[in-house]
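Visitor: Supplied in structure tokens, the structure appears directly below.
Every number here is computed from the coordinates shown, using simple stated rules; none is lab data. Every value quoted in this text rests on a predicted model; they were computed, and no experiment measured them. Here Cβ is always computed from backbone atoms with ideal geometry, including for glycine, and neighbour counts include all displayed protein chains.
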Amino acid sequence: MIPGQFEYARPANIAEALRLLKEREGEAKVLSGGYSLLPLIKLRLAQPALLVDIRDVDGLDHIVEDPSGGGSDWVSRQREAGHQAGPELHIGARVTHAQLEKSALIAEHYPLIADAAHGIGDRQVRNWGTVGGSVAHADPSSDWPAVFIALDAAFACRSLEAERVVPARQWFQGVFQTAIEMTELLTEVRVHRPGARSGGAYQKLERRAGDFATVGVAVQLRLDDAGRIGVAGIGVTAVSDAPFAATTAEALLAGAQPNEETYRAAGAAVAAQAQPASDTHGPVEYKRAMAAEMTVRALRAAVERASAA
Ligand SMILES: Cc1cc2nc3c(=O)[nH]c(=O)nc-3n(C[C@H](O)[C@H](O)[C@H](O)COP(=O)(O)OP(=O)(O)OC[C@H]3O[C@@H](n4cnc5c(N)ncnc54)[C@H](O)[C@@H]3O)c2cc1C
């Protein structure tokens, strides 16, 4: 397919990108890796008048920890929810899936992120696709949303006027719908580093290696001093209009013994909360059953990692 005509801009900094988004509000679109947007433009499902290519924009390609742990309201809420004080990870919006896959920092402290990065598309997709593009695009079957919901992450957005930080649990609002405004740029993802006795894991069911998920379940949990599950976060993708936090299962896990009975009960709760559609990936009953099974597997792996941490 041949795309319609569009203008193209390649700003060198965030201020210039934001100015373009403001001046051409409603007709400008950010271009990052292009792996989701360009196919849409070729199919004429999106017809932006201006593409604002952010590949040269400074300050969007970092994977660093802020040792102070940040200072936002979001961090305070995390602490209230029982997360331990510690560094806060900042992932720039232009960081590719492959950069996360190869990062030693991610491998050491964020196994849940490493799990997901390995399983996204093929090598070419991982080399071009960006974490910010994935989160802003909000494909209901993409992997990062489940991961960032489980980790209770937050997304920093900038407009010409202000910066705001939106919790991942409030970001994904429907099919390809998020909390971002047309004049905003998503600048980074913020994740609190999981403390001692914490473990995370992502389980993705895919028909062939490199496919989008039939169902994906991300779990991040912490064991308490008695070996019970303390706090657990569960993010689920591909079995609803939007990725969601499995809140019933999370509540059920708090204070529970980490055993097969608990995992099965949590899996059943995830299956009940899911609202899958019947499609080429399978019928509704199959998807619910697989949502339960992926939850059990992710919990097993997360507890194993937490026990070793
Ligand atoms: C063959 C194939 C297989 C794939 N497999 C998977 C998979 O298994 N799992 C998975 O999760 N994904 C998969 N993807 C999607 C891939 O990860 C995309 O790259 C990603 O979803 C979008 O990132 P991008 O950088 O390409 O964004 P783009 O295509 O450039 O942009 C996507 C959207 O986000 C907006 N946007 C981008 N960056 C910003 C920003 N910083 N601020 C505001 N808005 C922004 C754009 O305006 C656009 O609307 C696959 C894609 C392909 C083509």
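Visitor: I need the phi-derived Karplus couplings for the range 51-56: 6.51 cos²θ - 1.76 cosθ + 1.60, θ = phi - 60°, integer Hz, Gly and Pro marked x.
Guide: Coupling constants for the range 51-56: 9, 9, 7, 9, 5, 9 Hz.
Visitor: Summing Lys, Arg as +1 and Asp, Glu as -1, what charge do residues with Cβ under 15 Å from the Cβ of Ile113 carry, Ile113 excluded?
Guide: Once all neighbours under 15 Å are counted, the net charge is -2.
Visitor: What size of dipole, in debye to the nearest 20, comes out for the range 1-47 about its Cα centre when the only charges are +1 on Lys and Arg C-beta atoms and -1 on Asp and Glu C-beta atoms?
Guide: The calculated dipole for the range 1-47 is roughly 120 debye.
Visitor: Next up: Report ³J(HN,Hα) in whole Hz for each residue of the range 199-216, in order, from the Karplus equation J = 6.51 cos²θ - 1.76 cosθ + 1.60 where θ = phi - 60°; Gly and Pro get x.
Guide: So the Karplus estimates, Gly and Pro as x, are x, x, 7, 10, 10, 10, 9, 9, 5, 10, 4, x, 6, 5, 5, 6, 7, x Hz.
Visitor: On a 0 to 90° scale, report how tilted helix 260-273 is relative to the longest principal axis of the chain, with both axes built from alpha carbons and the result rounded to the nearest 10.
Guide: Helix 260-273 and the main axis of the chain meet at about 40 degrees.
Visitor: Work out the length of the dipole vector of the range 198-308 about its Cα centre, built from +1 on the beta-carbon of each Lys and Arg and -1 on the beta-carbon of each Asp and Glu, and round it to the nearest 20 debye.
Guide: 180
Visitor: Another question, if that's okay. For the range 120-273, what class follows from the C-alpha gyration tensor (a ≥ b ≥ c being the square roots of its eigenvalues): rounded when a/c is under 1.5, otherwise prolate if a/b is larger than b/c, else oblate?
Guide: Verdict is prolate for the range 120-273.
Visitor: Under the Karplus relation 6.51 cos²θ - 1.76 cosθ + 1.60, θ = phi - 60°, what is the ordered set of whole-Hz ³J(HN,Hα) values for the range 108-118, x standing for Gly and Pro?
Guide: Once rounded to whole Hz, the list reads 7, 10, 10, x, 4, 5, 4, 3, 5, 4, 4.
Visitor: If you don't mind, there's one more thing I want to ask. Given 10 Å bins starting at zero, what is the percent of C-alpha pairs of the range 63-192 in each, up to the one with the largest pair distance?
Guide: Over the range 63-192, the share of Cα pairs per 10 Å bin runs 13, 46, 35, 6, 0 percent.
Visitor: Using Cα centres only, tell me the gap between the range 227-280 and the range 185-215 in whole Å.
Guide: 15
Visitor: Now a separate question. Just how large is the dipole of the range 63-192 about the Cα centre, in debye to the nearest 20, putting +1 at every Lys and Arg Cβ and -1 at every Asp and Glu Cβ?
Guide: 120
Visitor: Once the Cα atoms of helix 14-23 and of the chain are each reduced to a long axis, what angle between those two axes, in degrees from 0 to 90 to the nearest 10, is obtained?
Guide: 70
Visitor: Further question on the same structure: Which of the listed residues, Leu186, Pro140, Ala162, is farthest toward the dipole's positive end in the chain, when Lys, Arg count +1 and Asp, Glu count -1 at the beta-carbon?
Guide: Pro140
Visitor: Give the range of the longest stretch in the chain that excludes all GluC sites (Glu not before Pro) found in loop regions by DSSP and having at most 15 other beta-carbon atoms within 10 Å.
Guide: Result for the longest clean stretch: 28-160.
Visitor: Which whole-number percentage describes the relative contact order of the chain, with Cα contacts under 8 Å and a sequence gap of 6 or more?
Guide: Value for the chain: 16 percent.
Visitor: Could you work out the helix-only [θ] at 222 nm for the chain, with each DSSP H run of four or more residues adding -39,500 (n - 2.57) and the total divided by the number of residues, to the nearest 500 deg cm²/dmol?
Guide: After summing the helix terms and dividing by residue count, I get -10500 deg cm²/dmol.
Visitor: Pull out a ≥ b ≥ c, the square roots of the eigenvalues of the alpha-carbon gyration tensor of the range 1-56, then state rounded if a/c is under 1.5, prolate if not and a/b is larger than b/c, and oblate in the remaining case.
Guide: Prolate.
Visitor: With a ≥ b ≥ c the root eigenvalues of the C-alpha gyration tensor of the range 198-308, is it rounded (a/c under 1.5), prolate (a/b larger than b/c) or oblate?
Guide: Here the range 198-308 falls in the prolate category.
Visitor: Would you kindly work out the equivalent ellipsoid of the chain from its C-alpha gyration tensor and give its semi-axes, the square roots of five times the eigenvalues, largest first in whole Å?
Guide: 32, 23, 16
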